[in-house]
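A.B. asks: Dropping the structure in here first, questions after.
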Amino acid sequence: MSKSQKLFNDAKKVIPSGVNSPVRYFEPYPFFTKKSNGAYIWDEDNQRYIDFCNGYGALLLGHRRKEVLSAVSKQLTQGTMFCTPTQSEIELSKLIIGNFPSIQKVRLVNTGGEATMTAIRLARGFTKKKKIIKFEGCYHGAHDSVLVKAGSGSAHNGISVSDGGLDEVSKNTLVVQYNNSEELERLISKNKDIAGVIVEPILANMGLILPEKNFLSEIRKITKDNDVPLIFDEVVTGFRVSPGGAQQHFRIKPDITTLAKALGSGFAVAAVGGKKEIMDLLSPGGKVYQASTYAGNPTSVSAAIASIKTINKIKNKLYSKLEKYNTMLTHAIDDMAIDLKIPHQINFTSSMFQIFFTDKPVVDYSSSMNADTKKFKKMFSSLLHKGIFIAPSQFEVVFLSDAHTKTDLENTINAYDVALKSVKN
Ligand SMILES: Cc1ncc(COP(=O)(O)O)c(C=O)c1O
């Protein structure tokens, strides 16, 4: 019995299902990780994997990035947590505002879910309205308002609304098909109680789904025309798609933005920011309550400052390299799948991609749900066997990092070759 299998048996006795977040589980049991560095993680049985899960997108700069580690090490000598304001929070806020011109003020939180929860409460506080519109398949965290037709782990398990979640809450969340701005316009025009629209500008929780041309500019126009705040959930895309996220890439200014993942390069830090008149509603100055003991803790803040400074310093090389590597990888996988006559789609952009086993384009929730997940699982297991770790679900994304090398890509392409053949058989 492998050490991971033994640890999983132990874990199940003390941790529900043996994991601390549902997507971490896969059949027959997940490997247990001992350490990581750069592009790699090692399991407890000393097997090395090239990591393409990359902390579900957080590790844009790779594991144990030296600039981040040295900033955190320095902070550790000064203290880990004060629960008083610090100068470094101002520095981080200025860096975030510098990269995201739509953000005039920002509050730091710990997780993406906390950021979207606060963004939604802010939108409600600002408009004094109740209902939120989200798009099918977008995942915004594990809180009641957004666990409605959500992607990621909830799509994987076929759960749309969680047991224990209140219908009284979810009935205030209206759902529109992704890439369908007309449906949004119809819904907003007939409903006068809309507090906000929240969207992943690139949908990275149903596999990868790209916004169609004009989708984002149309939803910006519709929300502006109707005085409805637009929330860009850039928890995945922030810093990953460009230093200023998807909003910089698509040149669209939302009213509120949420950030997490790549902001902290492996440390728990997230942010919600936006227009001054909205952000100033937060307590204690305003009446929208938000609080957290660990928010803005100096350890995570030092990691975030180092991450943004590093990204800004190397941006010219970073994004072109990631895009070049992603193009190489996805083209090679596409060619192999075509040669093998496997019906498939590959959606990709910047440093993210996903393959779907279906002959129809994947543009929304239902086209993603139509993909053959049994084939995906087979491919995942084969890749894992060959030392390639991608997120274990069809409804997640393959993430490249700055640490991947050309040799890593060649090894990955070889592993996909074997994996696709296993799907064919
Ligand atoms: C787009 C998006 N928003 C919010 C979240 C929630 O973030 P967290 O898991 O840090 O709460 C996620 C998590 O994957 C996400 O992908």
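A.B. asks: Hey, can you tell me all the residues within the range 243-254 that are open to solvent by 10 Å² or more (accessible area, probe 1.4 Å) and in contact with a helix residue (DSSP H, G or I) (Cβ under 6 Å, 6 or more places away or on another chain)?
C.D. replies: Those that are open to solvent by 10 Å² or more (accessible area, probe 1.4 Å) and in contact with a helix residue (DSSP H, G or I) (Cβ under 6 Å, 6 or more places away or on another chain): PRO243, PHE250, ILE252.
A.B. asks: Right, next: Could you grab the pairs with beta carbons closer than 9 Å, sequence gap of 6+ or different chains, first residue in the range 254-278 and within 15 Å of the ligand (Cβ to nearest atom), second one at pLDDT below 95?
C.D. replies: Taking only residues 6 or more apart or on different chains, not a single pair turns up.
A.B. asks: Among the residues of the range 102-121 satisfying the criterion of being away from the ligand (no atom under 11 Å from the Cβ) and within 21 Å of the chain's Cα centre (by Cα), which is surrounded by the most Cβ atoms within 10 Å (Cβ to Cβ)?
C.D. replies: ILE120
A.B. asks: Then there is this: List the strands (runs of 3 or more DSSP E) inside the range 1-90, counting only whole elements, that have at least 2 residues being open to solvent by less than 50 Å² (accessible area, probe 1.4 Å).
C.D. replies: Fully inside the range 1-90 and qualifying: 40-43, 48-51.
A.B. asks: What's the number of the condition VAL199 fails, among (1) within 16 Å of the ligand (Cβ to nearest atom); (2) out of contact with any Cys (no Cβ under 8 Å at 6 or more places or on another chain)?
C.D. replies: (2)
A.B. asks: Something else: Taking interchain pairs and intrachain pairs at least six residues apart, which have beta carbon atoms under 6 angstrom, with the first residue in the range 304-329 and open to solvent by less than 50 Å² (accessible area, probe 1.4 Å) and modelled with pLDDT under 95 and the second in a helix (DSSP H, G or I) and among the charged types (D, E, K, R)?
C.D. replies: none
A.B. asks: Additional query: Determine the pairs where a residue that is of a type in the set (Gly, Ala, Ser), located within the range 374-385, has a partner that is surrounded by fewer than 18 Cβ atoms within 10 Å (Cβ to Cβ) with Cβ atoms under 7 Å apart, the partner being 6 or more residues away or on another chain.
C.D. replies: Once the first residue is of a type in the set (Gly, Ala, Ser) and sits in the range 374-385, its partners that are surrounded by fewer than 18 Cβ atoms within 10 Å (Cβ to Cβ) give SER382/VAL418; SER382/SER422.
A.B. asks: Something else now. Consider SER350 carefully, then state whether it is over 30 Å from ASN46 (Cα atoms), under 22 Å from the mean Cα position of the chain (by Cα), open to solvent by 50 Å² or more (accessible area, probe 1.4 Å) and assigned by TED's automatic domain parsing to the domain that holds ILE50.
C.D. replies: When the stated conditions are applied, SER350 does not pass them.
A.B. asks: When residues of the range 162-188 are filtered for being part of a strand (DSSP E or B) and open to solvent by 40 Å² or more (accessible area, probe 1.4 Å), how many remain?
C.D. replies: Matching residues across the range 162-188 total 1.
A.B. asks: Now for a separate question. Being open to solvent by 10 Å² or more (accessible area, probe 1.4 Å), hydroxyl-bearing (Ser, Thr, Tyr) and touching a strand residue (DSSP E or B) at 6+ places or on another chain (Cβ under 7 Å) is the requirement here; does SER292 meet it?
C.D. replies: yes
A.B. asks: Something else about it: Return a yes/no flag: does the range 37-58 have any residue that is within 16 Å of the ligand (Cβ to nearest atom), within 24 Å of the chain's Cα centre (by Cα) and of a type in the set (Phe, Trp, Tyr).
C.D. replies: yes
The values are calculated or read from the model by the stated rules, or taken from the named source; none is laboratory data. Since the model is a prediction, treat every value here as computed from it, not as a measurement. In this analysis, Cβ positions are derived from the backbone assuming ideal geometry, glycine residues included, and neighbour counts consider all displayed protein chains. Heads up: the accessible areas ignore ligands, DNA and RNA and are worked out on the full protein's heavy atoms, side chains in. Shrake-Rupley method; radii C 1.70, N 1.55, O 1.52, S 1.80 Å.
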